[in-house]
C-alpha cells in the first residue's frame with residue numbers, strides 16, 4: 001500500500017509537467033479533485049447528508065484538506081512550472097525529515113538515532129539536487145521557486161500524515177470507511193481549491209485550453225494519484241505509522257526518473273544517481289533493526 005502511491009505520484013509529476021501549457025497549476029488542482037468528487041460520489045454520498053456525523057467534525061476535515069488537497073497538491077503543480085519532475089520529487093525526499101521533526105515537536109514522538117542518520121543521508125541527497133551537482137551553486141544557496149514550493153508542500157504533507165493517525169473524536173463510521181473518509185476530505189478540499197483558483201484567476205495567472213489530451217490526463221490523475229493513492233496512503237500510514245511511511249515517499253524520485261526519461265527525454269545526470277544512492281541508503285539505515293536497547297532522543 002505504501003509503494004503504490006509513490007508510483008502514482010511519479011506519474012502525476014510527469015503528467016503535470018506535460019499539461020502545464022494547457023492549464024494553470026491551481027486550476028489543474030481544482031479540476032482534478034472536482035472529477036474525483038464526482039467519481040467517488042456513488043460510494044460516499046451518505047456522508048454529505050445533513051444528518052451525517054461528518055459535520056460535528058468539520059474543523060478537523062477543514063484542516064486535513066487544507067494540508068493535503070488544497071495545499072500540498074497546489075504547491076506541487078506550482079513547483080512543476082519552474083522545476084523538472086525529477087528535481088521536484090527528489091527535493092520532496094526531505095519529507096521523512098519533516099515527518100520526524102513534526103512528530104517530535106507536535107505529537108511527542110521520540111526520534112531514534114538511526115532515524116537521524118537516515119534523515120541526514122536523505123538531506124544530503126536533497127542538497128545534491130538543489131546544487132545541481134555543483135558545489136559553488138550550493139554555497140550560494142540558490143533555489144528556484146519550484147524547489148521552495150515543494151519544500152513547503154513536503155512539510156504540509158508530513159503534518160497531514162501525522163494528523164491521520166493522531167487520536168481524534170471523529171466517529172469510527174467515517175474513519176473505517178475509506179470512501180467516506182476521503183469524501184469528507186475532498187468536500188472541504190474543494191472549498192480551499194476553489195478559493196485558491198479564484199485568486200489565481202483574479203491575479204491574471206489562470207489559463208485553460210480544453211483538449212482531449214487535457215481531459216484524458218485529468219481523468220487519470222483523478223483516479224490514480226488522487227483516489228487510489230490517497231486510499232493506499234491512508235491505509236498504509238495507519239498500519240506502519242507516519243515515520244516509517246515517510247521514507248517510502250523516497251521511492252517517488254526513482255519512479256519519476258524512469259518515467260521522465262521515457263516520456264519527456266529528461267535523462268538523469270550523474271548527480272541524480274548519487275542522490276538516489278543517498279536516499280535509498282537513508283531508507284535502509286532508518287528501517288534497520290538492531291538487537292539490544294535503542295536510544296531515543
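No value in this document is a laboratory result; all are computed from the given coordinates. Everything numeric in this text was worked out from a predicted model, so none of it was measured. Backbone-built Cβ (ideal geometry, glycine too); neighbour counts: all protein chains shown.
Applying 1/(1 + (r/R0)^6) with r as the Cβ-Cβ distance of residue 82 and residue 34 and R0 = 30 angstrom yields a FRET efficiency of 0.75. Converting the Cα gyration tensor eigenvalues of segment 4-287 into ellipsoid dimensions via √(5λ) gives semi-axes, longest first, of 30, 24, 16 Å.
The stretch between residue 211 and residue 223, if pulled fully straight at 0.36 nm per residue, gains 2.5 nm over its current Cα-Cα span.
Sorting 260, 34, 122 from the fewest to the most surrounding beta carbons within 10 angstrom yields 34, 260, 122. Computed from label points 7 Å out along Cα-Cβ, the spacing between residue 51 and residue 274 is 6.5 nm. Ranking of 200, 21 by neighbouring Cβ atoms within 10 Å, starting from the fewest: 21, 200. Projecting label points 7 angstrom from Cα along Cα→Cβ for residue 20 and residue 238 puts them 3.7 nm apart. Modelled spin labels at residue 152 and residue 110, positioned 7 Å past Cα toward Cβ, are 3.6 nm from each other.
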